Ligand SMILES: [Zn+2]
């Protein structure tokens with residue numbers, strides 16, 4: 001599932017490859033991928049406009065339209081955003097394609113149709129209405145705020161990290177990575193963590209997400225590029241702890257499978 005690092009890389013693709021080019025038309029292959037919007041509505045708003053700027057909040061991506069308003073993208077479980085300038089294969093499960101006058105395109109593909117493309121007048125209002133907390137990489141989201149959120153909750157620390165109302169952007173995969181780097185067992189009760197542990201967790205959150213972006217999250221050589229101490233390359237059945245080489249354990253939380261090292265991430269609660 002695309003999480004903060006993946007969506008940040010999609011944002012950079014748009015920023016580098018799609019701004020300022022006049023849009024000729026938009027093609028909607030599957031109207032189910034549109035959020036409260038008809039293909040005709042989208043066509044009217046996009047034709048002749050340009051993408052003027054990009055923003056990201058958590059797992060949501062926004063592109064400003066030169067005529068006002070913003071295009072919104074959420075990627076669900078399998079959504080992908082690409083800028084194609086001709087010659088490249090069109091991805092499978094293509095749902096929405098923005099075609100520029102010069103022939104280049106932005107394509108949104110989504111195998112399971114859980115992602116959405118939409119329009120909003122105001123990104124801040126969108127974020128508020130979606131109930132999203134501060135972005136996990138927002139400098140204003142300090143360790144004290146994370147500590148306060150943890151102290152209030154008698155649930156697994158992993159569930160708090162993944163709660164988009166606490167902080168936006170972290171899903172199942174990066175929650176495991178962050179908790180591994182912080183040496184905390186994901187099922188530790190959040191409220192039992194002291195301020196020192198919360199600070200450690202906050203630092204690991206910043207580090208793990210920053211590294212994932214720097215190493216090109218989701219790209220072909222991504223796993224090889226990650227530092228050797230990262231959990232992610234071993235996060236599969238039969239994987240081993242990169243720190244102590246023990247076999248990783250699995251656990252379920254909210255129906256999703258997680259990975260942790262019982263030796264390096266003992267439960268302290
Ligand atoms: Zn270990």
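Each reported figure results from applying straightforward, stated rules to the coordinates on display, with no laboratory input. Since the model is a prediction, treat every value here as computed from it, not as a measurement. Positions of Cβ are generated from backbone atoms using ideal geometry, with glycine treated the same way; all protein chains shown enter the neighbour counts.
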How far is it, in nm, from the label point at residue 130 to the one at residue 85 when both lie 7 Å from their Cα along the line to the Cβ? 2.9 nm
For the chain, take the longest principal axis of its alpha carbons; what is the angle in degrees between that and the long axis of helix 195-214, to the nearest 10 within 0 to 90? 40 degrees
At 222 nm, what helix-only mean residue ellipticity would the chain give, in deg cm²/dmol to the nearest 500, using -39500 (n - 2.57) for each DSSP H run of four or more? -8500 deg cm²/dmol
With a Cα-only, solvent-free Debye model of the range 1-127, what are the log10 I(q)/I(0) values at q = 0.11, 0.14, 0.16 Å⁻¹? -0.31, -0.52, -0.70
Could you state the angle between the C-alpha long axis of helix 4-17 and the longest principal axis of the C-alpha atoms of the chain, as a value from 0 to 90 degrees rounded to the nearest 10? 30 degrees
Can you tell me the length gained on complete extension of the stretch residue 221 to residue 262, counting 0.36 nm per residue apart and subtracting the Cα distance? 11.9 nm
Estimate the FRET efficiency between residue 13 and residue 36 by the formula 1/(1 + (r/R0)^6), using the beta-carbon distance for r and 22 Å for R0, to the nearest 0.05. 0.30
Going from the fewest other Cβ atoms within 10 Å to the most, one would list 162, 77 as 77, 162
Could you run the Debye sum over the Cα atoms of the range 129-197, one equal point scatterer each and no solvent, and tell me log10 of I(q)/I(0) at q = 0.12, 0.13, 0.23 Å⁻¹, two decimals? -0.27, -0.32, -1.05
Mind telling me which of 174, 229, 93 comes out most flexible in a GNM of the chain, alpha-carbon contacts under 10 Å? 229
Residue order, fewest to most beta carbons within 10 Å, for 263, 112: 112, 263
Let me check the size of the range 143-260 from its C-alpha atoms; what are the radius of gyration and Dmax in Å? 13.7, 40
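How big is the convex hull of the Cα atoms of the chain, per residue, in Å³?
Once divided by residue count, the hull of the chain is 128 Å³.
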Test of understanding: in a Gaussian network model of the chain with alpha carbons linked when under 10 Å, which of 204, 175, 228 would top the mean-square fluctuation ranking? 228
